[in-house]
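Report on the following structure.
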Amino acid sequence: MKIAHFSDVHFTRKPGEFPLRDLMSKRGMGWLNLTVRRRYKRFVAVAQVVGAFLRDLQVVKPDLILFTGDLTAVAYPQEFEAAAEAFLDLRKRTDVLGVPGNHDVYVRKANGEQLFADLFGNWLRSDCPDHSGENFPLPAVRLLGDEVAVVAVPSARPCKLADSSGFIGEERLKAVEKTLKEPDIAGRRVILALHYGFFLENGKPDKKSHGLRDADELLEVAKNNGVDLIVHGHIHERFVHQVGEITPVAIANAGSLTDKKFSRSFHVIESTDNGFDLRVRRYDETLNQFVSWLGAPGSSVIPFAALPIS
Ligand SMILES: [Fe+2]
Ligand SMILES: [Fe+2]
């Protein structure tokens, strides 16, 4: 089973196109990031890179395409529409699993979670019963053959100014635990996917204002319920923490597909007899295509954490 994992695409609009009235909200902070901190320039080629990514999927031929959030910059409907147009074919397909990131739910009034569900509803489809009681299945699960299950957990919520932290919450944590104990999942190798990371590349926990507030609780649930690999985005520079490096569960951050400040890459994760074989594909601007990144840090077999519970 082969999974293509990408994250943090960040479709946006030109800074001059922001309506003035929106600059008085948290979107003003987003506008400052795009202009003063020159973030817009980092994502100016987003449509071109996404085009190359879509062509590359035809080469990689994954069984599942996994997305872990941040389609947009400040959750404007126009940004969602640009993403929806770029991912027109992927939105119709049933082999894509995806959850929103914090930029997709940037301000409460934008109701980005609903916009995401309206335009990318296929990505939230679940193969398992819903234990959340919410509008759409949380977590959303995909069962791949007899071997692998991918469990995707929404972790983003609208935050106050200068706060971009995530939170799962007690109810969703209970739903995650219950889902991981489902007989269909407990007998398989399990990948837990979410937007937020647990640790930075240097192994230290992420900042309170940028990380997942209940990271410890989710990690405990993952460790105790047979999760073999945690994958995420949010931190735009990709990295991998192998089994036992920080926790008994390996963690692979795909980074950003489109952020020019970093490697513009995605992960290809294939299940083997011994573990998940992780490879990296990186965008080559000259060729305008993704190519294999041989020797990328962390590209190797990630041994399974333990025998599956069956
Ligand atoms: Fe991001
Ligand atoms: Fe993010």
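The values are calculated or read from the model by the stated rules, or taken from the named source; none is laboratory data. Only a predicted model underlies this, so the values are computations on that prediction, with no experimental measurement involved. We place every Cβ from the backbone using ideal geometry, glycine too, and count neighbours over all the protein chains shown. All accessible areas refer to the heavy atoms of the entire protein, side chains included, with ligands and DNA or RNA removed. Shrake-Rupley method; radii C 1.70, N 1.55, O 1.52, S 1.80 Å.
All of (1) closer than 25 Å to ALA83 by Cα; (2) free of Cβ contacts under 8 Å to residues at least 40 places away in the same chain; (3) open to solvent by 20 Å² or more (accessible area, probe 1.4 Å) hold for ASP216 with one exception: (1). Here the range 83-102 is the region considered, the condition is being open to solvent by 60 Å² or more (accessible area, probe 1.4 Å) and not polar (S, T, N, Q), and the residue that is farthest from ligand 1 (Cβ to nearest atom) is LYS92. Looking only at residues in the range 44-65 that are small (Gly, Ala, Ser) and farther than 17 Å from VAL96 by Cα, the one that is most open to solvent (accessible area, probe 1.4 Å) is ALA47.
Considering (1) touching a residue at least 40 places away in the same chain (Cβ under 8 Å); (2) open to solvent by less than 50 Å² (accessible area, probe 1.4 Å); (3) more than 16 Å from ligand 2 (Cβ to nearest atom); (4) within 26 Å of GLY197 (Cα to Cα), the lone condition that PHE6 does not fulfil carries the number (3). In the range 103-112, the residue that is most open to solvent (accessible area, probe 1.4 Å) out of those that are at pLDDT below 85 and out of contact with any Lys or Arg (no Cβ under 8 Å at 6 or more places or on another chain) is ARG108.
Pick from the range 54-69 the residues that are outside any helix (DSSP H, G or I) and either without any contact (Cβ under 8 Å) to a residue 40 or more places away in the chain or out of contact with any helix residue (DSSP H, G or I) (no Cβ under 7 Å at 6 or more places or on another chain) (or both): which of them is farthest from ligand 2 (Cβ to nearest atom)?
It comes out as LYS61.
Checking the structure you have, find out if any residue of the range 26-43 is over 23 Å from GLY166 (Cβ atoms), open to solvent by 10 Å² or more (accessible area, probe 1.4 Å), away from ligand 1 (no atom under 16 Å from the Cβ) and at pLDDT below 95. Scanning the range 26-43, I find at least one residue that is over 23 Å from GLY166 (Cβ atoms), open to solvent by 10 Å² or more (accessible area, probe 1.4 Å), away from ligand 1 (no atom under 16 Å from the Cβ) and at pLDDT below 95, so the answer is yes.
For the range 248-273, the candidate set comprises residues that are more than 19 Å from VAL60 (Cα to Cα) and open to solvent by 10 Å² or more (accessible area, probe 1.4 Å); within that set, the residue that is farthest from ligand 1 (Cβ to nearest atom) is ASP273. For the range 175-202, a tally of residues being surrounded by fewer than 20 Cβ atoms within 10 Å (Cβ to Cβ), over 21 Å from LEU144 (Cβ atoms) and in contact with a strand residue (DSSP E or B) (Cβ under 7 Å, 6 or more places away or on another chain) returns 1.
Please state which one of GLU237, GLU245 is on the phi < 0 side of the Ramachandran plot, part of a loop (DSSP other than H, G, I, E, B), at pLDDT below 95 and surrounded by fewer than 22 Cβ atoms within 10 Å (Cβ to Cβ).
Testing whether each residue is on the phi < 0 side of the Ramachandran plot, part of a loop (DSSP other than H, G, I, E, B), at pLDDT below 95 and surrounded by fewer than 22 Cβ atoms within 10 Å (Cβ to Cβ) leaves just GLU245.
When ARG172, ARG157, ARG238 are checked against the criterion of being among the basic types (Lys, Arg), in contact with a strand residue (DSSP E or B) (Cβ under 8 Å, 6 or more places away or on another chain) and away from ligand 1 (no atom under 16 Å from the Cβ), a single residue qualifies: ARG172.
Residues being within 21 Å of ALA252 (Cα to Cα), within 16 Å of ligand 2 (Cβ to nearest atom) and either in a loop (DSSP other than H, G, I, E, B) or in contact with an Asp or Glu (Cβ under 8 Å, 6 or more places away or on another chain) (or both) are represented in the range 70-80 by at least one member.
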